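The values are calculated or read from the model by the stated rules, or taken from the named source; none is laboratory data. What you are looking at is a predicted structure, and each value in this text was computed from that prediction instead of being measured. FYI the Cβ positions are ideal-geometry reconstructions off the backbone, even for glycines, and counts take in every protein chain you see.
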Amino acid sequence: MANWNQRTIAKRVSVTGVGLHSGKPATLTLAPAPADSGITFVRMDLGVEIPARADLVTDTILSTSLAVGNARVATVEHVLAALTGLGIDNCRVEVDGPEIPILDGSAAPFVWLVQEGGIEKQRAGKRFLVIDQPVEIREGGKLARLDPAAEMTIRFTVDFDHPLVTDQTFEFRFSDRRFARELAPARTFCFLRDIEYMKSKGLAQGGSLDNAIVVDDFSILNPEGLRFPDEFARHKVLDAIGDLTLIGMPIIGALTAVKSGHAMNQALVRKVLATPGSHRVVRVSAEAELEPLRIRLPALGAVESHA
Ligand SMILES: [Zn+2]
């Protein structure tokens with residue numbers, strides 16, 4: 001079957017680790033799911049399913065959280081980025097606690113988990129949300145904007161008031177191989193000056209140099225240094241891919257983001273879904289259908305499973 005068929009994970013695979021903000025250990029399992037079912041989080045300890053959908057976002061402070069009633073799942077963005085980055089359309093993400101494990105602070109461990117489980121192609125054609133008209137959120141010097149484009153691209157500019165994290169831009173043209181090599185290993189980051197405040201608010205209880213880049217006024221505190229010179233901007237692209245996954249399917253369009261974060265990314269997703277004419281959903285089952293749509297499908301299939 002061609003690379004525009006929907007994909008799920010071939011067999012159940014698990015990993016255990018602590019939550020960045022709760023500090024509590026949790027086991028996460030990726031499990032196969034039927035075509036057209038999308039990505040669904042399952043709180044195994046509560047028996048509640050929480051679909052990965054924008055209307056279920058409850059919190060965007062430092063990470064993205066979803067909830068159905070009182071059942072909540074926090075820090076969903078890195079596992080969502082890994083699934084979208086590898087072209088997985090349908091998956092059950094089971095977790096036995098309130099937060100997805102942070103692991104090393106990047107999406108690389110989730111990529112290894114998907115590779116361990118293997119990728120299974122399904123019969124249904126892939127669905128894409130194609131951007132037809134520009135939609136943007138602008139606040140002061142911050143911007144998150146989606147424009148029509150033939151394929152998925154992201155250009156993200158990071159500009160913190162800090163000498164090491166200033167005016168850094170990363171551009172990404174989507175393919176699963178590029179995602180696995182260039183984005184997945186980029187870790188989350190925080191400033192030493194913010195850590196005391198976060199801990200006083202009950203956040204970052206599980207944070208350490210093993211799962212985040214920590215920057216003080218002049219230097220990187222992690223002894224191993226950075227994985228990429230522009231690791232900060234790369235991680236923001238990774239977060240944006242995870243956040244945009246909550247639109248319900250992969251996007252064909254160009255994202256331009258300047259100093260955006262989880263809250264702005266989610267505001268953009270909500271605005272697209274609420275703006276008639278801004279987008280349409282296409283299902284692609286055969287190559288002949290691509291020409292009239294004037295889109296190019298993302299390159300998928302380079303990251304093969306080792307199952
Ligand atoms: Zn992140």
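Among the residues of the stretch 206-230, the one identified as within 12 Å of the ligand (Cβ to nearest atom) and β-branched (Val, Ile, Thr) is Ile213.
A single member of Val214, Val269 is more than 21 Å from Ala180 (Cβ to Cβ), at pLDDT below 95 and in contact with a helix residue (DSSP H, G or I) (Cβ under 8 Å, 6 or more places away or on another chain), and it is Val214. Please verify whether the stretch 46-53 includes one or more residues that are under 13 Å from the mean Cα position of the chain (by Cα) and surrounded by fewer than 20 Cβ atoms within 10 Å (Cβ to Cβ). Checked against the condition, which is being under 13 Å from the mean Cα position of the chain (by Cα) and surrounded by fewer than 20 Cβ atoms within 10 Å (Cβ to Cβ), the stretch 46-53 yields at least one hit. The number of residues in the stretch 32-74 being away from the ligand (no atom under 16 Å from the Cβ), closer than 18 Å to Asp89 by Cα and in contact (Cβ under 8 Å) with a residue 24 or more places away in the chain comes to 13. If the condition is being within 13 Å of the ligand (Cβ to nearest atom) and either acidic (Asp, Glu) or surrounded by fewer than 21 Cβ atoms within 10 Å (Cβ to Cβ) (or both), then the stretch 231-261 contributes Glu231, Asp239, Asp243, Gly261. Within the stretch 240-266, the set of residues being touching a His at 6+ places or on another chain (Cβ under 7 Å) and either closer than 15 Å to Ser106 by Cβ or modelled with pLDDT under 95 (or both) comprises just one member, Gly242. Restricting attention to the stretch 1-28, and to residues there that are part of a loop (DSSP other than H, G, I, E, B) and within 18 Å of the chain's Cα centre (by Cα), which single residue is surrounded by the most Cβ atoms within 10 Å (Cβ to Cβ)? So the residue we want is Leu20.
Contact map, the stretch 226-252: first residue closer than 19 Å to Asp210 by Cα and without any contact (Cβ under 8 Å) to a residue 60 or more places away in the chain, second residue assigned to a helix (DSSP H, G or I) and within 13 Å of the ligand (Cβ to nearest atom), Cβ cut-off under 8 Å, separation 6 or more or different chains; pairs are Phe228/Arg234. Evaluating Trp112 against the criteria (1) over 19 Å from the mean Cα position of the chain (by Cα); (2) farther than 21 Å from Asp36 by Cβ leaves one unmet condition, (1). With respect to (1) modelled with pLDDT under 95; (2) surrounded by 22 or more Cβ atoms within 10 Å (Cβ to Cβ); (3) over 24 Å from Thr275 (Cβ atoms); (4) away from the ligand (no atom under 16 Å from the Cβ), the lone exception for Leu86 is condition (1). Scoring Arg53 on the criteria (1) touching a helix residue (DSSP H, G or I) at 6+ places or on another chain (Cβ under 7 Å); (2) within 19 Å of Gln115 (Cα to Cα); (3) of a type in the set (D, E, K, R) leaves a single failure, condition (2).
All of Ala144, Ala150 fail the test of being modelled with pLDDT of 95 or more, away from the ligand (no atom under 15 Å from the Cβ) and more than 21 Å from Ile88 (Cβ to Cβ), apart from Ala144.
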